[in-house]
């Protein structure tokens, strides 16, 4: 569950990005920094632990920033999170920011699982169909899942469309089991 604090920080940074017309640029920078932290458990634990001094945390964040090519606005935002003892909510801020950005850009993220790899022609066909259904530009993330046996499973936000053979077999099993 994402806190209201995360939403407020994300909204503030998003509003600045909107003003400067750098929605995706700032998102990519924020996400890049957040990925570095989330990939290193020791670093993540250090930054979220209140026992450690804020000055030490700030120095660590500044040393990471120095190795990345981030804009001044993103750097200021990250330092603000450290100074306000909120760096531990960075992942939630990134999630909220992405949702705001997707809404503004009329974009939707779709998770698609298939039993077998899809040809480029089939991917394009599915993308165009999803764009017609959602009325938005779609960004599809494809995962191969041999356990589906065949068919596809599409997740759009909270909605799941399960056209897998595995699901159809389970439905038939439940139907036949209930007929006894």
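The values are calculated or read from the model by the stated rules, or taken from the named source; none is laboratory data. Owing to the predicted nature of the structure, the values given are computational and were not obtained by experimental measurement. Cβ atoms come from the backbone with ideal geometry, glycine included; neighbour counts cover every protein chain shown.
Yes/no matrix, rows are residues, columns are (1) at pLDDT 95 or above; (2) out of contact with any strand residue (DSSP E or B) (no Cβ under 9 Å at 6 or more places or on another chain):
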position	(1), (2)
69	no, yes
73	yes, yes
84	no, yes
87	no, yes
95	no, yes
98	no, no
*Could we say that residue 151 is surrounded by 12 or more Cβ atoms within 10 Å (Cβ to Cβ) and either outside the structural domain of residue 44 (by TED's automatic domain parsing) or under 30 Å from residue 2 (Cα atoms) (or both) here?*
yes
*Looking only at residues in segment 57-75 that are surrounded by 13 or more Cβ atoms within 10 Å (Cβ to Cβ) and over 19 Å from residue 46 (Cβ atoms), which one is nearest to the chain's Cα centre (by Cα)?*
74
*State yes or no: is residue 32 under 30 Å from residue 133 (Cα atoms) and either assigned to a helix (DSSP H, G or I) or touching a helix residue (DSSP H, G or I) at 6+ places or on another chain (Cβ under 6 Å) (or both)?*
no
_Criterion violated by residue 126 - all others in (1) surrounded by fewer than 11 Cβ atoms within 10 Å (Cβ to Cβ); (2) more than 30 Å from residue 12 (Cα to Cα); (3) modelled with pLDDT of 85 or more satisfied_ = (1)
